[in-house]
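Comments concern the structure below.
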Amino acid sequence: MAPEIIALCMFGLLLLGLFMGHPLAFVLGGTAVLGTLIAGKPMVLGIVINRIFGDVLSNFTLIAIPLFILMARFLSDSGVTDKMFESLRLLMSNVRGGLALAVVFISILLAATTGIIGASITVMGVMALRPMLQYGYSPTLTTGVIAASGCLGILIPPSIMLILMASYSPLSVGELFAGAMVPGILLGLLYAVWVVVVAIVRPSMAPAVEPDEKISKPALARMLVIEAVPPLVLILGILGSLLAGIATATEASAIGAALALGIVILRGKFNWKSFYGAMLETGRTSAMVLFIVVGATAFTGVFNITGGLRATQDIIRGLEMEPWLLITIMMFIVFILGAFLDWTGIVLLSFPIFLPIVQEMDVNLLWFVVLMSVVLQTSFLTPPFGYALFYLRAIAPATVKTTHIIVGVLPFIGLILMMCMAVALFPQLITWLPETLYTK
């Protein structure tokens, strides 16, 4: 059977399985098995199994993923985020859009200490959603800013997405962390600018509120600084050791988990029940990610051996487009896939096809991968399968309709696309920090 037909059959089966509602990991693995049967090469499965053991289960960089997940859970248990948000909420209560700005700023700091989308959105949703609605904030702005800001953790280091990208590319974790730092922070600041614009143009959507507690501004500022110290120590311990070359990604994740546990203990929040819950949640989330990685490795292995990968790449090369136009098409494909797949599947399916082609161009590979990571921010927000929408729907009160959430995230999807254009036009936003740190 022609490789082109095999490629079409495998992608067709993949889409069919996803639209039937089956889990991504099992759809990928099942499609791999069916692909070998369609190609008439069942013996390929033995090679794929060896590849899974060699490329996945022996990849020590992936150890950082469960450790960062554990760190995020420890930090959530410490209650640091709650205190910081409360301080910032009271400090900015008289400012139009102050609560929404508090959500953005806390989310940026939270992103630099967790990297887990579900945790960030849930924490910010529980803390900020009801107070913002009670103070008269628009449901669309409220849900939009919480969902979009909560997704920053997948872009701002330490990010498990960047770790996985590094595992399947020639780039190091440190390079990707450094490259994504500036675009991630700028995107958060762009969200803040949007909140300010909405507060000025439509003040009824983001009103100023009278603080319910009479505490002096200096006292609130002092409280905020004190509460910000533990997360800043955590950020310095992780990113400082990694970017300075003192520790590898795996070692930095272990440092982060140990520091987060220390914060829990020092704040008197440690108990064996929550510790057991943290371990259980870490195991569950890590297993989910690993199952997807194994399934995607099987899929791409079969796709490659049966000739589908080469056929797909030849089709793309045959377009004979300018590099910038070809990269635009690639980013558009990633954007469309984000409406149906999570970032794990998109990375593992697209990297084997895209990266070899990009490496043949006169294009900075680090710039391309970080640009793709910015585009993948939209995958959490685009309906019908945006995970941020589901997380927020689960904790939102009945008065907040699903349409409020979907309409609320649309402006932030536009802001993400604006940031994509900015880093495309000004690659230095990505390359400056890695070149400063690693070029000798």
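The values are calculated or read from the model by the stated rules, or taken from the named source; none is laboratory data. Keep in mind the model is a prediction, meaning the values are calculated, not measured. Because the Cβ atoms are built from the backbone with ideal geometry, glycine has one as well, and the counts that use them run over all protein chains shown. The protein model used for the area step is the full one, side chains on, heavy atoms only, and it has no ligands, DNA or RNA in it. Shrake-Rupley method; radii C 1.70, N 1.55, O 1.52, S 1.80 Å.
Observations on the structure shown:
- Qualifying residue in region 162-176 (condition: of a type in the set (Asp, Glu) and more than 29 Å from ILE357 (Cα to Cα)): no
- Subset of region 236-289 (residues that are exposed (fewer than 13 other Cβ atoms within 10 Å of the Cβ), of a type in the set (A, V, I, L, M, F, W, C) and either touching a Cys at 6+ places or on another chain (Cβ under 7 Å) or assigned to a loop (DSSP other than H, G, I, E, B) (or both)): ALA244, ILE246
- Qualifying positions in region 387-400 - open to solvent by 70 Å² or more (accessible area, probe 1.4 Å) and in a loop (DSSP other than H, G, I, E, B): ALA398, THR399
- Contact map, region 417-440: first residue touching a residue at least 24 places away in the same chain (Cβ under 8 Å), second residue in a loop (DSSP other than H, G, I, E, B), Cβ cut-off under 9 Å, separation 6 or more or different chains; pairs are PRO427/ASN364; ILE430/ASN364; THR431/ASN364; LEU437/ALA244; LEU437/GLY245; TYR438/SER172; TYR438/GLY245.
- Among the residues of region 279-290, the one identified as modelled with pLDDT of 90 or more and within 15 Å of LEU75 (Cα to Cα) is MET279.
- Subset of region 31-48 [touching a residue at least 12 places away in the same chain (Cβ under 8 Å) and open to solvent by 40 Å² or more (accessible area, probe 1.4 Å)]: VAL33, LEU34, ILE38, GLY40, LYS41, LEU45, ILE47
- Residue in region 171-186 that is more than 25 Å from VAL370 (Cα to Cα), of a type outside the set (A, V, I, L, M) and at pLDDT 90 or above present: no
- Within region 347-373, considering residues that are buried (at least 23 other Cβ atoms within 10 Å of the Cβ) and of a type in the set (Val, Ile, Thr), the one farthest from GLY318 (Cα to Cα): VAL370
- Residues in region 328-346 that are of a type in the set (S, T, N, Q) and surrounded by fewer than 19 Cβ atoms within 10 Å (Cβ to Cβ): THR328 alone.
- Every residue from region 299-320 that is of a type in the set (A, V, I, L, M, F, W, C), surrounded by 13 or more Cβ atoms within 10 Å (Cβ to Cβ) and more than 21 Å from SER373 (Cβ to Cβ): PHE299, VAL302, PHE303, ILE305, LEU309, ALA311
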